[in-house]
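**Q** One structure is given below, represented as structure tokens, and several questions about it will come after.
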Amino acid sequence: MRTDIFARLDREPEPPKIETPRMSRHRVALFGGTLAFYLAIVIAVLMSSWLVTLDWKVMLFRPYQQWPEIHAALDYYVVLGQRGPTAVMVACWLGWRSWRQHTLRPLLTLGASLLLLNLTVGAVKIGLGRLGPHYATRIGSAELFAGGDIFPSGHTANAVVTWGILAYLAATPRARRYLSAMSAIVSLGVGLTTVYLGTHWLSDVLLGWVAGLLILLGLPWVEPLITRAENWIFAARARLGAPGSRPVPPVPATGTPLPVPAVQQAEDGTAAQSPAHGQAGRPPAPNNRPRPHAAPAAGHAARSERSPVTPAGSRRPPHADRAPRGGTAPARPVAGG
């Protein structure tokens, strides 16, 4: 019994029609406003504005020293923003969704969002090279282009994307509202936890929230590529064949005569004489001995699919008192003289 995901997908000829989000005017306007806010944060940090001053005030406040009793719990909570564990948990849930909905779209959407997250956030991290609070060298400095990789916050952006993808793929408006609230609470808590632990500046967390939201808002532009990828996967699987299946030999059409071997082997190994080598006009003696059931050879059809082949002549045995058709009946004696 096959247990892979394709076994479930094969149960129905076509997957159900699942509505995908579209890039509406409202969504485009929201995407543009979020992008403008993203650029404003980057410019504020580059110019060492009041945002950098706020970063230093929060860092020198040292929240982890103010409330040390919650430090152990927040060390575990921040794992909800790590890419590895969260990706595995969400992938398991979306894999079950793919199995239930007969489509690979949930898993492909998760993969596309994580790929966009690595490309966009990773490029800004490496390009700006900002140092973290624990490695800062000069008070009041933005600590840019110093070989760091914390701006924007990867934990925060990953929490927004990984948990927000559940709301993006929700099947009903009610589920979308609940999942949106849950993902917002989780990502908000993860971002503030990194500030509490002193691993990120406050501006890192702000940019991480905005970066993750941009990816979720721009996913409808990637939907055509996701659809093409899904079609390509199923087409490649159709060309390669299902795993564990064997090619079925071609079966000739019903009614097509097939050659019959002249000599058939009997059960005991002796050759039975064919009608062509027997006496003329007499059918061969029937063999009443049961023959073992054997699988048909490759390339030959089953016995029920062959055309019936009958020997020449009539199957009715001759009768002594019956004259052949078309002949003259012999005269019978008349009783009583």
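The values are calculated or read from the model by the stated rules, or taken from the named source; none is laboratory data. All values derive from a computational prediction rather than experimental measurement. For neighbour counting, all protein chains shown are included, and Cβ atoms are generated from backbone atoms with ideal geometry for every residue, glycine included. Calculation scope for accessible area: heavy atoms of the full protein, side chains included, ligands and nucleic acids excluded. Shrake-Rupley method; radii C 1.70, N 1.55, O 1.52, S 1.80 Å.
**Q** Any idea what % of Cα-Cα pairs in the stretch 119-252 are farther than 21 Å?
**A** The answer is 57 percent, as a whole percent.
**Q** What figure, in Å² to the nearest 10, do you get for the accessible area of Met23 with a 1.4 Å probe and non-protein molecules left out?
**A** We get 50 Å² for Met23.
**Q** Could you work out the percent of alpha carbon pairs in the stretch 168-242 separated by over 15 Å, rounded to a whole number?
**A** When every Cα pair of the stretch 168-242 is considered, 71 percent fall beyond 15 Å.
**Q** Let's test the formula: R0 of 41 Å, r as the Cβ-Cβ distance of Leu115 and Glu69. What FRET efficiency results, to the nearest 0.05?
**A** 0.55
**Q** Which value in nm describes the separation of the simple spin-label points at Trp96 and Ala123, placed 7 Å from the Cα toward the beta carbon?
**A** 3.7 nm
**Q** Hey, any idea what % of the stretch 92-147's accessible area is carbon plus sulfur with a 1.4 Å probe?
**A** 69 percent
**Q** Further question on the same structure: With N residues in the stretch 72-195, what two-decimal value do you get for its Cα radius of gyration over 2.2 N^0.38 Å?
**A** 1.21
**Q** Another question, then. So, for the stretch 17-120, what is the accessible surface per residue at a probe of 1.4 Å, expressed in square angstrom?
**A** Result: 62 Å² per residue.
**Q** Report Leu206's accessible area, 1.4 Å probe, all protein chains in place, as a number in Å² to the nearest 10.
**A** My reading of the accessible area for Leu206 is about 50 Å².
**Q** Let me ask something else about it. With a 1.4 Å probe and every protein chain left in place, tell me how much accessible area His26 has, in Å² to the nearest 10.
**A** Accessible area, nearest 10 Å²: 140 Å².
**Q** Could you compute the FRET efficiency for Tyr77 and Arg177, with r as their C-beta to C-beta distance and R0 at 25 Å, rounded to 0.05?
**A** The calculated FRET efficiency here is 0.60.
**Q** Then there's this: Report the FRET efficiency, 1/(1 + (r/R0)^6), for Leu240 and Phe37, where r is their Cβ-Cβ distance and R0 is 41 Å, rounded to 0.05.
**A** Efficiency, rounded to the nearest 0.05: 0.30.
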